[in-house]
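The values are calculated or read from the model by the stated rules, or taken from the named source; none is laboratory data. Computed from a predicted model, the values in this text were never measured in an experiment. Glycine also receives a Cβ, built like all others from the backbone with ideal geometry; neighbour counts cover every protein chain displayed. Heavy atoms of the whole protein, side chains included, go into the accessibility calculation; ligands, DNA and RNA do not. Shrake-Rupley method; radii C 1.70, N 1.55, O 1.52, S 1.80 Å.
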Amino acid sequence: MGLQHNIKNEVNTIEVTALDGESATAYVELTSYDDNGDGTVLVQQWGGYWYLIKESGRWVLDDADIQKLDSRVGKLWAF
């Protein structure tokens with residue numbers, strides 16, 4: 001759908017699964033909500049891994065391996 005139709009995103013789970021001085025891996029599950037423009041919302045569940053690196057003292061995303069786990073359509077007023 002694209003970002004222009006996105007209503008919100010919710011992070012449901014985040015767990016660091018590996019960590020060393022300059023890199024880390026986190027398992028992530030999130031839900032995205034997109035307005036279909038017809039009174040319905042596309043709800044999608046995503047899950048997978050974020051690969052992080054330390055850059056200038058901050059953790060930043062280096063790569064991601066995220067897949068769609070589920071999706072459904074619901075009424076806009078329910079969200």
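For a modelled paramagnetic label at Glu55, 7 Å from Cα along Cα-to-Cβ, the residues of the range 3-42 in reach, with backbone nitrogen under 14 Å, are 23-24. Averaged over its residues, the chain has an accessible area of 68 Å² per residue, based on protein heavy atoms and a 1.4 Å probe.
Here the Karplus relation 6.51 cos²θ - 1.76 cosθ + 1.60, evaluated at θ = phi - 60°, turns the backbone of the range 29-34 into coupling constants of 10, 9, 10, 10, 10, 10 Hz, with x for every Gly and Pro. Partner aspartates and glutamates whose Cα lies under 14 Å from the Cα of Lys54, excluding those fewer than 8 positions away in the same chain, are identified as Asp20, Glu22, Asp62, Asp63. Taking the accessible area of the chain, probe 1.4 Å, and keeping the other protein chains in place, the carbon and sulfur fraction comes to 50%. Under 5 Å between amide hydrogens, built in the peptide plane, is the criterion, and for Asn36 it picks out Val41, Leu42 among residues at least 5 positions away or on other chains.
Straight-distance candidates among the aspartates and glutamates for linking to Lys8, with alpha-carbon spacing under 13 Å and chain neighbours fewer than 8 residues away dropped: Asp34, Asp35.
Panel note: the C-alpha atoms of the chain, placed on their principal axes, show extents of 48, 22, 17 Å (largest first).
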